[in-house]
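Engineer: The following block contains the structure, expressed as C-alpha cells.
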C-alpha cells in the first residue's frame, strides 16, 4: 500500500484524453451460487490478462470495490478504441466470458452485470487527493501538486474562477 501524502495532488489527464470504465456485477440470488460464481471468477482472469499486456490499453491499476452484493471494478484506458478492441477480440478472455454469460446466466435473475464508459478530456475532468494515495486518474497518469494554476477545481478544469 502506498503511504498517504499530506500534499494536495491533482491528477494529470493526457492531452489527447482517455477513458474511464466501470464494470461490475450484482448478486441477486445468493443461494444460486452456481449461477453467479462463474461471473465473479471471470473478471480476475480478464484483469490478469490485461495487466500482463502493456499494449492492451489498460492504464494504471484497476480498483475493486464491494458494497453489499455489488462488486465494481474501476479501470482507466488509454482510449475507447483500446477498450472496444479488447472487448471484441476473439483471442482474449472477455468475449468467451460474455458469450458464456449470455448462454447460461442472462435473464435468469440470479446475477446482473453492468458497465459504464466515460470519455475523459482534460477540460472536463479534474480531481484532488489529500492525505491518501492517488486513485483513478491520478493512479493511471500521475499527479502534480495542486497549487498555483492547479489550486482549485475551476483552475484544474481551465475555467476562470468565479469572484
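The values are calculated or read from the model by the stated rules, or taken from the named source; none is laboratory data. Keep in mind that what you see is a predicted model, and the values were worked out from it rather than measured. Reconstructed Cβ throughout: ideal geometry from the backbone, glycine too, with neighbour counts over all protein chains shown.
Engineer: Identify the residue in the range 104-121 that is out of contact with any strand residue (DSSP E or B) (no Cβ under 7 Å at 6 or more places or on another chain) and surrounded by fewer than 17 Cβ atoms within 10 Å (Cβ to Cβ) and, among all such residues, is nearest to residue 58 (Cα to Cα).
Structural biologist: Residue satisfying both the conditions and the ranking: 121.
Engineer: Still on this structure: Being more than 15 Å from residue 93 (Cβ to Cβ) and under 19 Å from the mean Cα position of the chain (by Cα) is the filter here, so list the residues in the range 16-56 that pass it.
Structural biologist: Result: 16, 17, 18, 19, 20, 21, 22, 24, 25, 26, 54, 55.
Engineer: Looking at the range 149-159, can you tell me whether even one residue there is part of a helix (DSSP H, G or I), surrounded by 14 or more Cβ atoms within 10 Å (Cβ to Cβ) and at positive phi?
Structural biologist: no
Engineer: Give the residues of the range 125-143 that are within 23 Å of residue 158 (Cα to Cα), surrounded by fewer than 17 Cβ atoms within 10 Å (Cβ to Cβ) and either at pLDDT below 90 or assigned by TED's automatic domain parsing to the domain that holds residue 78 (or both), sorted by residue number.
Structural biologist: 135
Engineer: A further question follows. Yes or no: the range 86-103 includes at least one residue that is touching a strand residue (DSSP E or B) at 6+ places or on another chain (Cβ under 6 Å), more than 30 Å from residue 148 (Cα to Cα) and not assigned by TED's automatic domain parsing to the domain that holds residue 154.
Structural biologist: No, the range 86-103 has no match at all.
Engineer: Would you kindly identify the strands (runs of 3 or more DSSP E) lying entirely within the range 48-135 that contain at least 2 residues that are touching a residue at least 12 places away in the same chain (Cβ under 8 Å) and in contact with a helix residue (DSSP H, G or I) (Cβ under 6 Å, 6 or more places away or on another chain)?
Structural biologist: Because the criterion is at least 2 residues that are touching a residue at least 12 places away in the same chain (Cβ under 8 Å) and in contact with a helix residue (DSSP H, G or I) (Cβ under 6 Å, 6 or more places away or on another chain), the strands (runs of 3 or more DSSP E) in the range 48-135 that meet it are 58-67, 70-77.
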